[in-house]
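K.L.:
This is the structure, below, for whatever I ask next.
The values are calculated or read from the model by the stated rules, or taken from the named source; none is laboratory data. Quick caveat, the model's predicted, so the values are computed rather than measured. Heads up, the Cβs are rebuilt from the backbone with ideal geometry, glycines too, and the neighbour counts pull from every protein chain shown.
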Amino acid sequence: MKNYEKLKEAAYERLGEYEAVCRLINDDLADHPEVSGKEYESSRKIVKLLNKEGYQTEAPYAGYDTAFKAVYGDNNHSRKIALLTEYDALPGIGHACGHCTSAAISLLTGLSLKELQEELDADIHIIGTPVEETDGAKCTMVKNGVFDEYDMALMVHLYDENILAPKLQALNSYLYTFHGKPAHASAAPWDGNNALNGVQLMFHALDMLRQHVKPDVRIHGVIRDGGLAPNIVPESASAEFYIRSMDRHYLTELLRKVEDCAKGAAIATQTSYQKKLTAESYDNLKANPTGEGVLSETYAELGLELGNPDRIFGSSDAGNVSMICPTFHPTLQIVEPGVAIHTREFAEAVKSSRAHRAIADGAKILTLQILKIFTDSKKFEAMKEDFNQ
């Protein structure tokens, strides 16, 4: 182990120096939330801070106006680490997913370790990854090879429990549009084919499918278009569905069954349909027992009690990154159990004293994850071996 205790002491000292400015960034982002794809000021403020601290930044980055890449130093090490940084908010309720605090944690981690890259024999990059709540910039970045050079990627998400490896589900989202034939709904309904009936029957078919899928599967949807007027047999109707599973391979199998539900509904109602992918497909978070073991040690070291590891968290484009390199996405508790993300109550919590403590705790978690693995060749190789299995 390469002077782990010495590096930890140095990192903690710098963490104390930068904690206040990262709290300010958190509070500023919380007070000025910007939704996915519109995070112009949020990105600008973060990049401004990083430039001030000596980083070389590239913004826009990877085809996104609000993405960035920040590199400190000569960037000449063969090993590289990506600190993932999210900062998009939700429409109407602001930072109810805690991305402002998550961003502050990644920033504090990078600032704490920037002078220790030589000792770690690793370059630590801070990657701004916008639009997590909608199109998932990390998905496109993965497709374009952005993460191919990294040995590890990591971030912390905020939650109502401390969880080492939250159950992130693979997700596909589709818009199904059914096409029928319009007619007067009273004078000549027999001349029409009801597209809304096709949508309704697809919902019923999916409800029946739920009896025969694995417990981790989630299928949920809304009607986007139900027709124009009650006295017209709907010529067109559409519904958007999210289909999720803990396993990408099983999800692929499940999607064929969902397609059969649409086909059956169309046949039964004498309509046709079209399908369109509405967002990038999210992958599940790939497990890494070695890295998760290190996280477990760190949570215990910091006195953080762990919550239920089997809870389903939802979906994140961090899962896509985990298919390219070992990726860690632990959670930190900033609210009482039962206070859900994507609520006004959670949005109010991101400026609380508990959230401010989480910025320091989260940075310590990520810092120690990096130090413990990158100063121990056996742990590093074991992490890589876990990933390659």
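K.L.:
Return the total of residues in the range 28-81 being hydroxyl-bearing (Ser, Thr, Tyr), in a strand (DSSP E or B) and more than 22 Å from Gly94 (Cα to Cα).
P.N.:
Number of matching residues: 2.
K.L.:
Would you be able to say whether some residue in the range 177-191 is at pLDDT below 95 and either crowded, with 24+ Cβ neighbours inside 10 Å or within 25 Å of Phe387 (Cα to Cα) (or both)?
P.N.:
No, the range 177-191 has no match at all.
K.L.:
Would the range 354-371 turn up any residue that is in contact with a helix residue (DSSP H, G or I) (Cβ under 8 Å, 6 or more places away or on another chain), more than 29 Å from Ala137 (Cα to Cα) and not basic (Lys, Arg)?
P.N.:
no
K.L.:
Right, another one. Is it true that Gly264 is surrounded by fewer than 16 Cβ atoms within 10 Å (Cβ to Cβ) and free of Cβ contacts under 8 Å to residues at least 24 places away in the same chain?
P.N.:
no
K.L.:
Now a separate question. Would you check which residues across the range 312-341 are loosely packed, with under 14 Cβ neighbours inside 10 Å and under 19 Å from the mean Cα position of the chain (by Cα) and list them?
P.N.:
Selection gives Ala340 alone.
K.L.:
Within the range 342-358, restricting attention to residues that are within 19 Å of the chain's Cα centre (by Cα) and surrounded by fewer than 16 Cβ atoms within 10 Å (Cβ to Cβ), which residue is nearest to Asp386 (Cα to Cα)?
P.N.:
His342
K.L.:
Scan the range 112-140 residue by residue and report those that are buried (at least 24 other Cβ atoms within 10 Å of the Cβ) and assigned to a helix (DSSP H, G or I).
P.N.:
Ser112, Leu113, Ala137, Lys138
K.L.:
Among the strands (runs of 3 or more DSSP E) contained in the range 141-252, which hold 2 or more residues that are farther than 30 Å from Ala347 by Cβ?
P.N.:
Once the strands (runs of 3 or more DSSP E) in the range 141-252 are filtered for at least 2 residues that are farther than 30 Å from Ala347 by Cβ, what remains is 170-179, 236-245.
K.L.:
Any residue at all in the range 94-109 that is surrounded by fewer than 19 Cβ atoms within 10 Å (Cβ to Cβ), out of contact with any strand residue (DSSP E or B) (no Cβ under 9 Å at 6 or more places or on another chain) and in contact (Cβ under 8 Å) with a residue 12 or more places away in the chain?
P.N.:
no
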